[in-house]
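Read through the structure below, which is laid out as structure tokens, and then see the notes.
The values are calculated or read from the model by the stated rules, or taken from the named source; none is laboratory data. Please read these numbers as outputs of a predicted model, since none were measured by experiment. Glycine also receives a Cβ, built like all others from the backbone with ideal geometry; neighbour counts cover every protein chain displayed.
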Amino acid sequence: LLLRAASLAQGYSGCRPELVDALIAMLEQDVTPIVPLEGSVGASGDLAPLAHLGLVLVGEGEAWLGGRRMPAGLALRGAGLQPLLLEAKEGLAIVNGTQLSSALAALACADAQRVWEAAVGAAALTTEVLLGSFRPARAEVQGLRPYPGAIESARRLLAYSEDSALVASHADCGRVQDAYCLRCVPQVMGASWDAIEHVERQLEIEFRSVNDNPLVFPDGRVISAGLFHAQPVAMAADYLKIAVAEVASLSERRIARLVDGAEVGLPRALAGSPGIESGYMLAQYTAAALVSENKVLAHPASVDSIPTGAGIEDHVSMAPIAGRHARTVVDNAARVVAMELLCACRALEFRRPLRAGQGSERLYGTVRRLVPAPDGDRPLSDPCETVARWVLSPGPERLALEVLEA
């Protein structure tokens, strides 16, 4: 609703201000059109989904109001609104846009930023409990290959691990180097940061743009163009999928090392009684399944095209598919990171009385306030879902800001 109103309000769609006002009124009164997620190829606009939005405007179709699903006419009356009688060009103006694709990509991007922050915190805590080195994150190292995302990742790793007794405990251990899932966090997570930043910039352009057809200029000219084609959104959503899939992939590799940490003094599967209890063994199994599913979903939707419209629309973007898959990839990644947090917090408890870095201890406290330390073998599903909800909340971004400013 908001994105379509913003595009129409630019004044190049040949519609009345009343149409924009009606969309905003529905938004303000919490009338939410019921729109199918499938059925658009992302060119000529998201026609079918936006048509369902338009149905509610004229009193047809279905909508949500106050948490209840009902016929659109009832929803409008319940909100004190009247159906809109459309005039010339306005039906086309409603359906000819990229708003379903853009909305899906935007929600996925916002969640991806939170997953990324949680994953960097998890990486820092895991590196500490696995007795890994933070020297690769030093500024003089990352400055030699100064990708912005790598620098941001390294800055957070150092902030989380500051004043760590765990790190100090093995300062002279003689180990030459760590596995890539620890040593290369700035490079892998940094590349994902840069990708997410690119996606955000692309979507900001889309949100400020006109994506209608034909275009109606103030001087009366009418030009048929291709601003409705969602290829920029499709490719951005595909890039986002790849970026977040890699966040989860690296996290799963750290989970594997946590549950097989005997060489660094951790019990097998992080179990209190290895051999009797299964501990966190199934956390790695589940993470592996989600990461593998993400590999399938990360295949770019935008490389596919099936002609529509009797061959006139002979190249389409498949942006809605990319957006839907991006949301699933992000949700899967959130659960993988949640399982790493659970494993890393359990490993830290086996390292007591040594304390982790100040930021890592804050992260540990946050997780344990959500999910208490287990007493023996317990199901992991509810704790995973609880922590995953936190991963997708503003919490990781707030925590990262606190740690960086401390």
Given the structure, is Gly261 modelled with pLDDT under 95, assigned by TED's automatic domain parsing to the domain that holds Glu206 and small (Gly, Ala, Ser)? yes
Of the residues that sit in the range 188-201 and are in contact (Cβ under 8 Å) with a residue 40 or more places away in the chain and not hydrophobic (A, V, I, L, M, F, W, C), which one is nearest to Val337 (Cα to Cα)? Ser192
I need the full set of residues from the range 75-115 which are in contact with a Phe, Trp or Tyr (Cβ under 9 Å, 6 or more places away or on another chain) and not in a helix (DSSP H, G or I), in order please. Asn96, Gly97, Thr98
Among the residues that make up the range 56-74, is at least one of them in a helix (DSSP H, G or I), under 30 Å from Ala301 (Cα atoms) and not assigned by TED's automatic domain parsing to the domain that holds Leu215? yes
Could you count how many residues in the range 151-175 are surrounded by 18 or more Cβ atoms within 10 Å (Cβ to Cβ) and either free of Cβ contacts under 8 Å to residues at least 12 places away in the same chain or among the small types (Gly, Ala, Ser) (or both)? 5
Single residue of Ala338, Ala333 found to be among the small types (Gly, Ala, Ser) and farther than 20 Å from Val403 by Cα: Ala333
Looking at the range 147-163, can you tell me whether even one residue there is assigned by TED's automatic domain parsing to the domain that holds Met235, assigned to a loop (DSSP other than H, G, I, E, B), over 20 Å from Ala356 (Cα atoms) and more than 19 Å from the chain's Cα centre (by Cα)? yes
State the number of residues belonging to the range 122-136 that are surrounded by fewer than 24 Cβ atoms within 10 Å (Cβ to Cβ) and assigned to a helix (DSSP H, G or I). 2
Looking only at the range 13-30, and only at residues there that are buried (at least 20 other Cβ atoms within 10 Å of the Cβ) and in a loop (DSSP other than H, G, I, E, B), the one that is nearest to the chain's Cα centre (by Cα): Ser13
If we scan the range 101-121, do we find a residue that is touching a residue at least 40 places away in the same chain (Cβ under 8 Å), in the same structural domain as Val167 (by TED's automatic domain parsing) and more than 20 Å from the chain's Cα centre (by Cα)? no
Taking the condition in a helix (DSSP H, G or I), assigned by TED's automatic domain parsing to the domain that holds Val244, surrounded by 15 or more Cβ atoms within 10 Å (Cβ to Cβ) and not polar (S, T, N, Q), does Val296 pass? no
The residue that is nearest to Ile94 (Cα to Cα), considering only those in the range 56-82 that are crowded, with 16+ Cβ neighbours inside 10 Å and under 30 Å from the mean Cα position of the chain (by Cα), is Val56
Output yes when any residue across the range 196-207 is part of a helix (DSSP H, G or I), surrounded by fewer than 18 Cβ atoms within 10 Å (Cβ to Cβ) and among the hydrophobic types (A, V, I, L, M, F, W, C), and no when none is. yes
Can you tell me how many residues in the range 260-290 are assigned to a helix (DSSP H, G or I) and either in contact with a strand residue (DSSP E or B) (Cβ under 9 Å, 6 or more places away or on another chain) or within 16 Å of Arg351 (Cβ to Cβ) (or both)? 6
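Conditions (1) part of a helix (DSSP H, G or I); (2) of a type outside the set (Gly, Ala, Ser); (3) free of Cβ contacts under 8 Å to residues at least 12 places away in the same chain; (4) in the same structural domain as Glu38 (by TED's automatic domain parsing), marked per residue:
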{"site": "Ser292", "(1), (2), (3), (4)": "yes, no, yes, no"}
{"site": "Ser302", "(1), (2), (3), (4)": "yes, no, no, no"}
{"site": "Val336", "(1), (2), (3), (4)": "yes, yes, no, no"}
{"site": "Ala344", "(1), (2), (3), (4)": "yes, no, no, no"}
{"site": "Gly365", "(1), (2), (3), (4)": "yes, no, yes, no"}
{"site": "Ser393", "(1), (2), (3), (4)": "no, no, no, no"}
Between a residue in the range 351-363 that is assigned to a helix (DSSP H, G or I) and any residue that is of a type in the set (Asp, Glu) and modelled with pLDDT of 95 or more, which pairs come within a Cβ distance under 6 Å, given they are 6 or more apart or on different chains? Gln358/Glu162; Gln358/Asp163; Ser360/Glu128
